[in-house]
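Asks: Dropping a structure here in structure tokens format, bear with me for questions.
The values are calculated or read from the model by the stated rules, or taken from the named source; none is laboratory data. Quick caveat, the model's predicted, so the values are computed rather than measured. Here Cβ is always computed from backbone atoms with ideal geometry, including for glycine, and neighbour counts include all displayed protein chains.
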Amino acid sequence: MKETINVNIAQQAFTMDMDAYQTLTAYLDDIGRRLSPTDTETLGDIESRIAEIFRERVPSPMMVITYSVVRSVMNQIGDPELFGQAYRPMRDKQGNHCFPGEEPRKLYRPRTNRSIAGVCSGIANYFAIDVTLVRIIFIVGFFAGFSTGLLYVIMWVVVSEEPTTQFNPEFNTQNKA
């Protein structure tokens, strides 16, 4: 048994299952982010077209719009990339801004390119700056009497090490003779 929800699309009432609703909402949000902030009509036109297609595919108002119907409508209208580059970023599950296809940044101590524990390398990777600059800041801070040494040790303990990548022998594409 699936949970359903009643929604209004272009001033027409529909009953959708939750998977279909979430997929359609994400699709429309992605299109909305790609439209110009001053463009108010295009998204309304797209919603009207979606409502028309739903009426064609689901003849009775008592029938539930399923995920497969939503996917076929999305295929008919087209990918959100057709509407251009995104003007506004998406939000990930923690509420941070990120663009589609972009992984949310996480602070790790890398397994390579590290001198002692990888704290400076991890900070440099996170902020996309040169690791030498971060190391100089920590060293100057230590000799200037700041507690960067203590901060380094705390981060060594708190910040987790970068996860290892799994090797899949079946994925190896080299020919063996």
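Here's the yes/no breakdown for (1) assigned to a helix (DSSP H, G or I); (2) within 24 Å of the chain's Cα centre (by Cα); (3) more than 19 Å from THR4 (Cα to Cα):
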| residue | (1), (2), (3) |
| --- | --- |
| PRO37 | no, yes, yes |
| GLU47 | yes, yes, yes |
| GLU52 | yes, no, yes |
| GLU56 | yes, no, yes |
| PRO59 | no, no, no |
| GLU81 | yes, yes, yes |
| ALA86 | no, yes, yes |
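Asks: When the residues of segment 1-22 are filtered to those that are surrounded by fewer than 17 Cβ atoms within 10 Å (Cβ to Cβ) and under 23 Å from the mean Cα position of the chain (by Cα), which remaining residue is nearest to TYR67 (Cα to Cα)?
Replies: ASP19
Asks: When you look at TYR108, is it of a type outside the set (Val, Ile, Thr), touching an Asp or Glu at 6+ places or on another chain (Cβ under 6 Å), under 30 Å from ASN6 (Cα atoms) and modelled with pLDDT of 75 or more, yes or no?
Replies: So TYR108 fails the test.
Let's see how each residue does on (1) among the aromatic types (Phe, Trp, Tyr); (2) surrounded by 15 or more Cβ atoms within 10 Å (Cβ to Cβ); (3) over 24 Å from PHE83 (Cβ atoms); (4) out of contact with any Leu (no Cβ under 7 Å at 6 or more places or on another chain):
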site	(1), (2), (3), (4)
GLY32	no, yes, no, no
THR38	no, no, no, yes
GLU52	no, no, no, yes
ARG55	no, no, no, yes
MET62	no, no, yes, yes
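Asks: So which pairs qualify, if the first residue must be in segment 114-131 and within 16 Å of VAL157 (Cα to Cα), the second must be at pLDDT 85 or above and small (Gly, Ala, Ser), the Cβ gap must be under 7 Å, and the two must be at least 6 apart or on different chains?
Replies: So the pair list comes out as ARG114/SER121.
Asks: If a residue must be surrounded by 13 or more Cβ atoms within 10 Å (Cβ to Cβ) and among the small types (Gly, Ala, Ser), how many such residues does segment 40-50 contain?
Replies: Of the residues in that region, 1 qualify.
Asks: Follow-up question, since we're still on this one. In segment 112-144, which residue that is touching a Ser or Thr at 6+ places or on another chain (Cβ under 7 Å) and in a loop (DSSP other than H, G, I, E, B) is surrounded by the most Cβ atoms within 10 Å (Cβ to Cβ)?
Replies: ARG114
Asks: Considering only segment 68-87, I want to know if a residue exists there that is of a type outside the set (S, T, N, Q), at pLDDT below 85, surrounded by 15 or more Cβ atoms within 10 Å (Cβ to Cβ) and farther than 22 Å from GLN22 by Cβ.
Replies: no
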